[in-house]
Amino acid sequence: MAAELTVGRVAQLASVTVRTLHHYDEIGLVSPSGRTHAGYRIYEPADVDRLARVLTYRSLDFSLEQIAALLDDPNVDEVAHLRSQRELLVERGARLEAVVAAIDRELEARAMGIQLTPEEQLEVFGTDKYGEYAMEAEERWGETETYRESRRRAATYTKEDWARLKEASDAALRAFRDAMTSGVPAAGAEGMALAERHRTFLCTWFYECSYAMHRDLAEMYVADDRFSSTFDIVAPGLAAYVRDSIIANSDAHLG
């Protein structure tokens, strides 16, 4: 490094403004060791080294007063200060992570138009993961008009609407369970009526669900463990029963 550096050159090297260097000089934090005949500031290597330490402390959120004490008071324990600042930054990092996680959950929910907080999702659905399911739905079907229609509708729903939706969904699931445990054939008239009720539920709350689409959904209810477990936790084998009812009803309408 050259023996003498102008304030402009130091500002460039340190990625700070000339105004910042002037301020540091005015408060005695980093003062140039020399001046030109014209009175311009000249920084020597030791000055630049001090500036580098100042900027390091600033990046750790030390105040200028704290930095001055650290650099100028020989009785100050610099290591202790650094450890204390590290603890503060770790605590701040944990708080920021929590904030970021909350924002992510909100973004996930809003991706499907769900205007519910995680707490409200937990209250209504019994899980705060509903937004994650919405994100996956967007990845799978986000380019389809069906998905866009579902999102448009969901964006208008209040917490009370979601509660009514959940109540209707649970009632339909219980009806499938009762039919299965009573020995009602999945492909019989009663089973197909329940399948049609399920399709109407989707049409009412989310999107116009064609019979072909309903059939595809039924296959996914069994193929995807997350869907099948939702049914089978109500009654073992229920996912397959629902699928068979939907397929029978769809085939009957599709000819």
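Computed values, structure above
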| quantity | calculated |
| --- | --- |
| Sequence ranges 5-15, 232-242, ranked by mean other-Cβ count within 10 angstrom, highest first | 232-242, 5-15 |
| If the convex hull is drawn through the Cα atoms of region 188-255, its volume per residue in Å³ | 82 Å³ |
| By average C-beta atoms within 10 angstrom, highest first, the peptides 22-34, 79-91 | 22-34, 79-91 |
| Förster-model FRET efficiency, 35 Å R0, THR56 and VAL100, C-beta, rounded to 0.05 | 0.85 |
| Extension gain from GLU149 to THR36, taking 0.36 nm per residue of separation minus the Cα-Cα distance | 33.5 nm |
| Region 9-101, Cα convex hull volume normalised per residue, Å³ | 113 Å³ |
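Taken together, the values in this text are just the output of simple stated rules run on the coordinates, not laboratory data. In this text, all values refer to a predicted model and were calculated from it rather than measured experimentally. Backbone-built Cβ (ideal geometry, glycine too); neighbour counts: all protein chains shown.
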